[in-house]
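The values are calculated or read from the model by the stated rules, or taken from the named source; none is laboratory data. These figures come from a predicted structure and were not determined experimentally. Don't worry about glycine lacking a Cβ; one is built from the backbone with ideal geometry, like all the others, and counts go over all protein chains shown. SASA here: full protein model, heavy atoms, side chains in, ligands and nucleic acids out. Shrake-Rupley method; radii C 1.70, N 1.55, O 1.52, S 1.80 Å.
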Amino acid sequence: KRPRQRAPPLPCPLGRARRALHPGLRPGRQASAAPSRLMGQGAARALCGRNLGFFPDVHADTDTEEDEEDDGQDREADLYMPKEHRQAVQASQGSKLQARRFFKAVQLDADRGWGNHMISVKGEDGIKMGVKASKARITSHMLEKLKTMSLHTVDITHSRLKDFLPITSIDDITVVVVSHNRIRRVTSEGSSSSSTVKTYKLEKLICDFNRIAYIAPGLLCGAFVQNLLALNFAHNEISYLPMDFGRGAANLRYLDLGFNKLDAVPDSIMSCTRLQMLYVAHNRLTSLPSSIGDLKELRKLFLSYNCLKEVPETIGECTRLEKVRLANNKIRFLPDSFLELWNQPEAPYFKHGRLEELGVEHNPMVQPSLTAFEMGGLDGLNRALRLFWEWVEEKKAAQAAQAAQAAQA
């Protein structure tokens, strides 16, 4: 084996003084004792001067009063970040009343088992309480205690959570994230039995990367989802959605149901008329609801890796679509109304859509032809839709001729 190399000695007078007075000390070895212990106080002072044990701090803080005021404002701004309350209290020394409130909240929640996971979140009405836990041990007792708490955010990830949260019983709940857990059923078990009408504020529900196979009817609908903006159930084992899923979510913008086992999409989703992105790729869909044309605000539609054989004719009513992906399906023809999504206002086309991307690879496509997309990019899209427009016009002319012949006969 090669001999172990030692670090070279420090090039300083103090090191040479140590070796001069202590010949047994090897050059690469550091002494653990102070210089005054290795040599006489007088000899050390003679060699090192007055600076023995004292070195001027060249990085000393020389802030003025104005700088201190600015730092105080920055520390108060940190309160609005989702940090633990203990950290937030240390950063807000200028606000004793706020610190007192934080300490009181932490003390109360420590008895419930959530004390180490409390965070502060900026809400519309000021700073709100929240829970954030990752790779933590969440007991059923802790979940039960959530019903008695008023929280803005509950973020529990990578914690092997098996039971769904009692979200309908948590007051003021706005954001729920339970990604990367082991939840199998989304139910309303443990909901509040009070007969009073509650005002729900839920805006974001993220349940991706679980083992969910069942969503209870009557839970994700009505007043509970009226303020919902984002809903994510991707990477689960859902094969069936209740017929009322999403009904009443008039403000929903983002819906992700990808990487599941869905055979169909319920018509209730099409009532979310403000939906802007719909992701249902990597499922087992064989058809789409004909009411998809009601999604007038839809921007992005992802339907790849399914078993679709056709696209509804009403797709042409979604004139704000910018990106459509239909790859890896069984589609042979696109509907004629698909041309309404095309952005080609010049004559003779007069199309005022917003389509910028269309993915149809790995389909037995006849019209438009897959070879027409070989150019790639927007040029390839325009070329394919131009040829498709010509084919549609020829088809309409042939149908009109047949109808005229039939009328004469």
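Tabulated results
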{"quantity": "Residue in the stretch 194-203 that is open to solvent by 10 Å² or more (accessible area, probe 1.4 Å), at pLDDT below 90 and of a type in the set (Asp, Glu) present", "calculated": "no"}
{"quantity": "Failed item in (1) open to solvent by 10 Å² or more (accessible area, probe 1.4 Å); (2) under 16 Å from Val175 (Cβ atoms), with Ala249 passing the rest", "calculated": "(1)"}
{"quantity": "Leu355 vs. criteria touching an Asp or Glu at 6+ places or on another chain (Cβ under 9 Å), closer than 16 Å to Val392 by Cβ and in a loop (DSSP other than H, G, I, E, B)", "calculated": "yes"}
{"quantity": "Selected residue (only one of Glu313, Glu390, Glu346 is closer than 20 Å to Val265 by Cα and surrounded by fewer than 17 Cβ atoms within 10 Å (Cβ to Cβ))", "calculated": "Glu313"}
{"quantity": "Failed criterion for Arg182 (all others in (1) part of a strand (DSSP E or B); (2) at pLDDT 90 or above; (3) surrounded by fewer than 17 Cβ atoms within 10 Å (Cβ to Cβ) hold)", "calculated": "(1)"}
{"quantity": "Meets criteria (at pLDDT below 90 and surrounded by 21 or more Cβ atoms within 10 Å (Cβ to Cβ)) for Ile156", "calculated": "no"}
{"quantity": "Pick from the stretch 357-373, criterion buried (at least 16 other Cβ atoms within 10 Å of the Cβ) and of a type in the set (A, V, I, L, M), ranking: farthest from the chain's Cα centre (by Cα)", "calculated": "Ala372"}
{"quantity": "Residue match in the stretch 267-280 (condition: under 17 Å from the mean Cα position of the chain (by Cα) and acidic (Asp, Glu))", "calculated": "no"}
{"quantity": "Selection status of Tyr305, open to solvent by 40 Å² or more (accessible area, probe 1.4 Å) and modelled with pLDDT of 95 or more", "calculated": "yes"}
{"quantity": "One residue from Leu308, Leu275, Leu298, Leu339 being aliphatic (A, V, I, L, M) and touching a residue at least 24 places away in the same chain (Cβ under 8 Å)", "calculated": "Leu339"}
{"quantity": "Any hit, the stretch 136-148, residues being surrounded by fewer than 19 Cβ atoms within 10 Å (Cβ to Cβ), in contact (Cβ under 8 Å) with a residue 12 or more places away in the chain and in contact with a His (Cβ under 7 Å, 6 or more places away or on another chain)", "calculated": "yes"}
{"quantity": "Which numbered condition Ile167 fails, given (1) open to solvent by 10 Å² or more (accessible area, probe 1.4 Å); (2) within 28 Å of Thr273 (Cβ to Cβ)", "calculated": "(1)"}
{"quantity": "Tally of residues being outside any loop (DSSP other than H, G, I, E, B), in contact with a Gly (Cβ under 7 Å, 6 or more places away or on another chain) and of a type outside the set (Lys, Arg) across the stretch 135-153", "calculated": "3"}
{"quantity": "Single residue of the stretch 335-356 satisfying the filter (at pLDDT 90 or above and more than 33 Å from the chain's Cα centre (by Cα)) that is nearest to Gly316 (Cα to Cα)", "calculated": "Ser337"}
{"quantity": "Candidates Thr319, Thr286 - the one that is assigned to a loop (DSSP other than H, G, I, E, B) and open to solvent by less than 70 Å² (accessible area, probe 1.4 Å)", "calculated": "Thr319"}
{"quantity": "Pairs with Cβ under 7 Å, 6+ apart, first in the stretch 374-386 and over 15 Å from Phe338 (Cβ atoms) and open to solvent by less than 90 Å² (accessible area, probe 1.4 Å), second assigned to a helix (DSSP H, G or I) and modelled with pLDDT of 75 or more", "calculated": "Gly380/Phe373"}
